[in-house]
1. Treat every Asp and Glu Cβ in the stretch 44-126 as -1 and every Lys and Arg Cβ as +1, leave all other atoms uncharged, and give the resulting dipole magnitude about the Cα centre to the nearest 20 debye.
2. Grab the beta carbon distance between SER188 and ASP48, set R0 = 22 Å, and tell me the FRET efficiency rounded to 0.05.
3. Per DSSP H run of at least 4 residues, take -39500 (n - 2.57); add these up for the chain, divide by its residues and hand me the 222 nm value, nearest 500 deg cm²/dmol.
4. Using DSSP, restrict attention to beta bridges with both residues in the chain and report what percent are antiparallel, rounded to the nearest 5.
5. Are there trypsin sites (Lys or Arg not before Pro) in the stretch 74-139 that DSSP puts in a loop and that have at most 12 other Cβ atoms within 10 Å, and which ones?
6. Among LYS158, LYS186, LYS21, which comes first, second and so on when ranked by fewest other beta-carbon atoms within 10 Å?
7. Can you work out D for the chain in µm² s⁻¹ from Stokes-Einstein, where Rh is the Kirkwood radius over C-alpha pairs, the temperature is 20 °C and the viscosity is 1.002 mPa s?
8. Provide HIS130, HIS88, HIS24 in ascending order of the number of other Cβ atoms located within 10 Å of each residue's Cβ, fewest first.
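What follows draws every value from the coordinates through simple rules; no lab data is involved. Everything numeric here is computed off the predicted structure, so don't read it as measured data. Here the Cβ positions follow ideal geometry from the backbone for every residue, glycine too, while neighbour counts run over all protein chains shown.
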Amino acid sequence: MKGVLLAGGRGTRLQEITKGKNKHLLPIQGGAMFLYGLRLLVRSGISDLSVVVNPNEEVLFRKELMGTELENNNIRFVTQYDPSGIPHGLSLCLGETEQEPCVLLLGDNFFEDDLSAFIRAWNPRIQPAHIFLKQVPDCSPFGVAYLIEGRVTSLCEKPQSRDPGLAVTGCYLLDSSAMERIPLLKPSRRGETEVLDLLNLYLKEKGLYHQILPGRWADAGTPKGLNSAQKLCEGSN
């Protein structure tokens with residue numbers, strides 16, 4: 001199984017804090033933000049690791065690995081020259097004939113629940129795609145899943161309503177057909193391919209499964225989310 005950590009992007013919502021620096025290099029509990037996601041993938045038993053970064057940043061990320069327990073892991077850094085969306089970043093790490101399932105993880109997501117045990121037990125033949133949902137008081141900043149009788153029936157990217165809902169968190173388990181599906185995606189209004197569109201392809205074939213997380217979740221892409229991630233990590237130590 002392949003593990004892909006997305007750690008590129010523009011980080012526009014954190015510009016006042018990053019001052020042009022990649023947000024995934026910001027310190028979280030004594031280490032760069034992206035190290036949290038890498039540790040989750042390693043705990044999940046994944047040794048084939050790829051980290052997607054912006055141009056000219058690989059040396060900065062490798063520097064953060066030095067002196068950590070991850071330093072000797074076989075980690076491949078992949079440059080995304082054009083931030084064309086999450087599926088595009090994933091496609092850079094998958095060969096055209098890739099036959100392996102993968103865990104796709106957004107580098108700014110933090111989970112109180114340890115997902116590694118579930119990832120180890122996940123069977124892509126039974127569950128072609130699996131997502132982790134979290135109940136939030138305001139679902140408008142997130143991709144949202146709607147359920148009927150315990151099954152996902154639809155997905156919506158950042159709904160206009162500020163109602164409570166089930167946010168789609170940034171950890172996606174995808175079977176080996178992901179690479180075949182990505183070329184079918186069309187750019188959204190933002191000019192990017194969207195991960196929810198990729199998940200919708202699985203949903204149409206009744207291949208999308210989920211679980212609702214009981215513990216805290218933080219999306220560190222905003223100042224408020226970054227503060228939540230700091231508190232989450234402090235509480236887990």
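1. Details: 5 positive and 14 negative charges, 35 e Å.
Roughly 160 debye for the stretch 44-126.
2. Working: r = 29 Å, r/R0 = 1.34.
Between SER188 and ASP48 the formula returns 0.15.
3. Values: 8 runs with 63 residues, N = 237.
Value at 222 nm, helices only, nearest 500: -7000 deg cm²/dmol.
4. On the way: 24 of 45 bridges.
Antiparallel bridges: around 55 percent, rounded to the nearest 5.
5. Details: sites: ARG76, ARG120, ARG125, LYS134; in loops: ARG125.
Here the sparse-neighbourhood loop sites are ARG125.
6. Numbers: LYS158 11, LYS186 7, LYS21 14.
By the 10 Å Cβ count, ascending, the order reads LYS186, LYS158, LYS21.
7. Working: Rh = 18.0 Å.
In µm²/s, the coefficient is 119.
8. Values: HIS130 23, HIS88 18, HIS24 31.
By the 10 Å Cβ count, ascending, the order reads HIS88, HIS130, HIS24.
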